[in-house]
1. Scan (1) surrounded by 22 or more Cβ atoms within 10 Å (Cβ to Cβ); (2) within 16 Å of ligand 2 (Cβ to nearest atom) for the single condition G39 breaks and write down its number.
2. Is at least one residue of segment 15-36 in the same structural domain as P80 (by TED's automatic domain parsing), of a type outside the set (V, I, T), surrounded by 24 or more Cβ atoms within 10 Å (Cβ to Cβ) and closer than 25 Å to R329 by Cα?
3. Just to verify a result, which residue in segment 259-284, among those that are under 21 Å from T243 (Cα atoms) and polar (S, T, N, Q), is farthest from ligand 1 (Cβ to nearest atom)?
4. Of the conditions (1) modelled with pLDDT of 95 or more; (2) within 16 Å of ligand 2 (Cβ to nearest atom); (3) not acidic (D, E), Q31 fails just one. Which one is it?
5. Conditions first: (1) open to solvent by 10 Å² or more (accessible area, probe 1.4 Å); (2) within 25 Å of Y184 (Cα to Cα); (3) over 16 Å from the mean Cα position of the chain (by Cα). G260 passes all but one, so which condition is the exception?
6. Looking only at residues in segment 140-154 that are open to solvent by 10 Å² or more (accessible area, probe 1.4 Å) and within 16 Å of ligand 1 (Cβ to nearest atom), which one is nearest to F207 (Cα to Cα)?
7. Is segment 155-164 home to any residue that is polar (S, T, N, Q) and not in a helix (DSSP H, G or I)?
8. Just the residues that are open to solvent by 10 Å² or more (accessible area, probe 1.4 Å), within 11 Å of ligand 1 (Cβ to nearest atom) and within 17 Å of the chain's Cα centre (by Cα), please, taken from segment 155-173.
Amino acid sequence: MNILAIESSCDETSAAVITNGKIRSNIVATQIIHQLYGGVVPELASRAHQQHIIPVVVEALQTAKVTKNELSAIAFTRGPGLLGALLVGASFAKSMALGLDLPLIEVNHMQAHVLAHFIDDPAPSFPFLCLTVSGGHTQIVLVRNFLDMEIIGQTQDDAVGEAFDKSAKLLGLPYPGGPLIDKYAQRGNPLAFSLPTGEMPALDFSFSGIKTAILYFLQKQTRQNPNFIDQNLADICASIQHTLVKTLMQKLKKAALQTGIRQIAIAGGVSANSGLRAALVQAGQANKWEVYVPKFEYCTDNAAMIAMAAHYKYLEADFCGQDVSPLPRMTFG
Ligand code: KG4
Ligand code: ZN
């Protein structure tokens, strides 16, 4: 069973081939054009997907040593994501499935982030909790089975990745700033500056306040010392990261207590963050959790995770028709 999967929800064009549940290729073309604008420009993302999609698919098939005639199904990200970006992948997948007379599989991008944990061993067993943290989402997911998941907490405003990227922008760092905050934070003191954490009831999050707090903090400090950011970059980054990670971990611990679940995973672009990874391992030791952290290449957007989700859907013959269109705000559970 060979499935070709396509991911085009934001600013990575990616294609992967999965054979009987094993990833054979995972090609990712990152769009660097957005760096010029300090964030993803939807129209430019769609154009770049158009340029990249054919070479990325060809390379994925070649690397996997699978021809298009040996495919069993075509999968694509239906949502959530940018409509124009999703349309490129969806249209390509639909045309290919139609041309080759193959079944089509639609995949929810956020469920796929969770299923990235099944690409390699060791995989968590059910039920487990997954903190899915990306540029567009912050969710605590109760995972009962491969395709049976429930969102038990989520952000009510900005995503945590957005908080990283917007904070980085205020510091004059290029997009995406999350990985740069992580890099500078490693040389800084996380307790150098105290920043407020957003308060939200239950298992929900709020990250919009911290951005404003950082803006006012930087304005005040640079009025007194115009070189404040340059002189304190590592300490500022470490303090921002510490505050964001602390907020995430507080709710994750609460979710573990409430559900009694001790198998805890993280997923999504922000799960590449070294502070979050370290905090999870530490909390795991303190609370006797079994913790699961994906490989770096499967944290940020990739088609291997879409292929993994498609594999489980294929086993259940969960196919979709040609009439299925992208859903920018697609959810689950
Ligand atoms: O999952 P992803 O690739 O795309 C979305 O579905 O949004 O996540 C991208 C987000 C960006 O906000 C990026 O800054 C953040 O993940 N990110 C990080 C790190 N690596 C990626 N944030 C903090 N530390 C990192 N090391
Ligand atoms: Zn993502």
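1. G39 satisfies all of (1) surrounded by 22 or more Cβ atoms within 10 Å (Cβ to Cβ); (2) within 16 Å of ligand 2 (Cβ to nearest atom) except (1).
2. Here is the first cut: in segment 15-36, the ones in the same structural domain as P80 (by TED's automatic domain parsing) are 15-36.
When the remaining residues are screened for being of a type outside the set (V, I, T), the result is 15-16, 20-22, 24-26, 29, 31, 34-36.
Then drop every residue that is not surrounded by 24 or more Cβ atoms within 10 Å (Cβ to Cβ), which leaves 15-16, 26.
From what's left, closer than 25 Å to R329 by Cα: 15-16.
Yes, the conditions are met somewhere in segment 15-36.
3. My answer is Q282.
4. Among (1) modelled with pLDDT of 95 or more; (2) within 16 Å of ligand 2 (Cβ to nearest atom); (3) not acidic (D, E), the lone unmet condition for Q31 is (1).
5. The single condition G260 does not satisfy is (2).
6. Q154
7. yes
8. D158, E162, D165, K166
The values are calculated or read from the model by the stated rules, or taken from the named source; none is laboratory data. These numbers come from a predicted model, not from an experiment. No Cβ is skipped: glycine too gets one built from the backbone with ideal geometry, and neighbour counts run over all protein chains shown. We work out accessible area using only protein heavy atoms, side chains counted, and drop any ligands, DNA or RNA first. Shrake-Rupley method; radii C 1.70, N 1.55, O 1.52, S 1.80 Å.
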